[in-house]
1. If you find the alpha carbon centre of segment 1-34 and of segment 46-110, how far apart are they in angstrom?
2. Which trypsin sites (Lys or Arg not before Pro) in segment 1-66 sit in a loop by DSSP (not H, G, I, E or B) and have at most 12 other Cβ atoms within 10 Å of their own Cβ?
3. Among [x] 45, 24, 20; [y] 78, 29, 21; [z] 58, 24, 18, only one was calculated for this model; which label is it, if the read-out is Cα extents along the principal axes in Å?
4. Give the order of 101, 70, 6 when sorted by the count of other beta carbons within 10 angstrom, beginning with the fewest.
5. Rounded to the nearest 0.05, what FRET efficiency is calculated for residue 103 and residue 28 with R0 set to 22 Å and r the Cβ-Cβ distance?
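Rule-based calculations on the coordinates, nothing more; no lab input. Because the structure is a prediction, the values reported are computed rather than measured. Don't worry about glycine lacking a Cβ; one is built from the backbone with ideal geometry, like all the others, and counts go over all protein chains shown.
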Amino acid sequence: MSTFVEYAISALLVIGGAFTLIGAIGLARLPDFFTRLHGPTKATTLGVGAIMLSSVVYFSSAGHGIGISEILITVFLLMTAPVSANMLAKAAMHMGVKPMENTRGNPWEQ
C-alpha cells in the first residue's frame with residue numbers, strides 16, 4: 001500500500017470522525033427537537049459516509065477487491081437518513097411539539 005493511499009485513508013477517517021463528533025455534539029446541545037434533527041441527519045451522515053469510503057479505499061488497495069457491502073451500506077444510509085428525519089419532523093408537528101421561541105415561520109399553523 002502506498003503512502004498516498006494511507007494518507008487518504010487517514011484523512012477520510014479523521015474527517016468522518018470529526019463530522020460524527022460534531023453531529024453528536026449537535027444532538028446533545030441544540031435546544032429543541034427540530035434543531036436536534038440536523039445533527040444526526042446532516043453531519044453524522046457525512047461522517048459515516050467518509051468512514052465507509054475509507055473502508056472501501058483500504059480494502060480495495062489491500063487487494064480484496066471493491067467492497068460492495070460498504071458501498072451498499074453508504075447508499076442505504078444516504079437514502080434513509082433524510083427520509084427518516086422528515087418523518088420524525090412531521091410526526092412531531094402533528095403531535096404539537098413546540099419549536100424554540102425565536103423560530104421564524106410555522107407553516108403548520110396557517
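1. With segment 1-34 and segment 46-110 each reduced to a Cα centre, they are spaced 14 Å.
2. Answer in residue order: no site qualifies.
3. Working out Cα extents along the principal axes in Å from the coordinates points to [z].
4. If I rank by nearby Cβ atoms, fewest first, I get 101, 6, 70.
5. Taking R0 as 22 Å, the efficiency between residue 103 and residue 28 is 0.65.
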